[in-house]
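Notes to accompany the following structure.
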Amino acid sequence: MSKQQREFDVIIWGATGFTGQLVAEYMAQTYGTGDELRWALGGRSTDKLQSLQAALQDQYGGTPLPLVVADSGDPASLRGMVQRTRVVCTTVGPYARYGTELVAACAGSGTHYCDLTGEVQWMARVIPRYQAAAEDSGARLVHTCGFDSIPSDMGTWFLQQRMLECHGVPAHYVKGRVGRNKGAASGGTIASMLEVLDEAKRDRTVRKLLTNPYALCPPGTTGLDGPDQAGPRYDSDFQRWTCPFIMAAINGRVVRRSHCLLGKPWGEDFQYEEAQLCSSRAQALRNTLAIGGAMAGLATAPGRKLLARFLPRPGEGPSREEREAGHYELFFHGAHPRDQALDMRVRVAAQLDPGYGSTSRMLAEAAVCLARDPLTVGGGFWTPASALGQHLLTRLVDNAGLTFEEVAVD
């Protein structure tokens, strides 16, 4: 069956999980239940799917959403599922544990795919393994379609588009800086983080991979970027102290991969780095110590046991009130290659919890973009910026509550 003849535009895989339900709610609110966009709820439990189906119909009306039952441990059922849809939008992690067979099924069936993974070691495995199959089938597979790493990836892309429009040259050096933010973690995020730590503990090659800033770029890629920021540092461009940002280890690698996949339009010497803005040197030091202590604790069995008392479990996450009270902003400062007076800065922001309220919207719009927009890239593994570009930016601004704007350089 060709993609044009398939039964659905999008299947939300893992729809009954914490984040999956948020994606489904946003899709129902924004696109209705089976009107112009044909979409379905997917999971392994018929009872849970029927419960979610009824809840969405009660809240948003319309016709009952179709249900698709499959199991991540049953490759045949996954192949049957993906052949029914143009796009699979998956929230089922840790992806290193539950995602590989789904990627294989999509790559082999010509089914487009998007996810929320931040698991660099897993992406580095599946990309070379299934790239050829995806190219042959025409499947576009796009990782990191949530808070990691759409704001960083699309923010850098937006900044570079503005630099080219205004100055005719790209920024040769971009600083991503996380400003004011408020949000909470879910159990799924913690589980994915633990998966990465466990693999790194077992496998020296994974540890080496995680320290390579070009780990997600095509083989042989090198550049001027070094290790992610590990301690307090003063930033003269922002005139603020900074501390490490835990997602920089994911976001930076995605931005660099976008640059490569786009054909290195920002120059062979392009550099990107990311950190969090702090109010003082003391706060930068406190934050650094807190991050280091938390990661050290999660890396040991006794530490995990202690932290488990305070961390959410899989399937748990922030309440609706907490999500709606959340917010975030990121700044991207682009250095002009010849004239500092022509440096440019943009701001990406949203008034929702970054990890769940906003992430669910970003993922949903990435899925609809893959299903409906006239994209020009062929099959293979892509990043949000390299595959979706302006189409996704328009959807994020028009529908998902994000803002992308140029701001004054201090």
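Please treat every number below as a calculation from the coordinates, not as lab data. Because the structure is predicted, anything quoted here is derived from the model rather than measured. A quick note on method: Cβ atoms are made from the backbone with ideal geometry, for glycine too, and the neighbour counts reach across all protein chains shown.
Structure data summary
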quantity	calculated
Cα-centre dipole for the chain with unit charges at Cβ (Lys and Arg positive, Asp and Glu negative), debye to 20	980
Largest-first ellipsoid semi-axes for region 203-295, taking √(5λ) over the Cα gyration tensor eigenvalues, angstrom	26, 18, 9
Likely footprinting exposure, T19, T33, T211, fewest C-beta neighbours within 10 Å first	T211, T33, T19
GNM flexibility winner over the chain from A275, A134, A299 (Cα, springs under 10 Å)	A299
Rg ratio (alpha-carbon, reference 2.2 N^0.38 Å) - region 63-135	1.08
Packing-based order for 284-290, 204-210, 83-89, using average beta carbon neighbours within 10 Å, highest first	83-89, 284-290, 204-210
Region 138-234: projected area of the alpha-carbon convex hull, averaged over directions, in nm²	10.1
More than 41 Å apart - percent of Cα-Cα pairs taken over the chain	11
Between 0 and 90°, nearest 10: helix 187-202 axis offset from the chain longest Cα axis	70
Relative exposure of C278, C166, judged by other C-beta atoms within 10 Å (fewest first)	C166, C278
Cβ-based exposure ranking for S236, S72, in which fewest neighbours within 10 Å come first	S236, S72
Percent of beta bridges antiparallel (DSSP, the chain, rounded to nearest 5)	50
Where GluC sites (Glu not before Pro) fall in DSSP loop in region 1-96, at most 13 other Cβ within 10 Å	E36
Alpha-carbon gyration tensor eigenvalues x 5, square-rooted, for region 1-130, Å	24, 16, 13
Calculated P(r) of region 332-409 - Cα pairs past 17 Å, %	55
Helical mean residue ellipticity (222 nm; -39500 (n - 2.57) per DSSP H run of 4+; nearest 500) of the chain	-13500 deg cm²/dmol
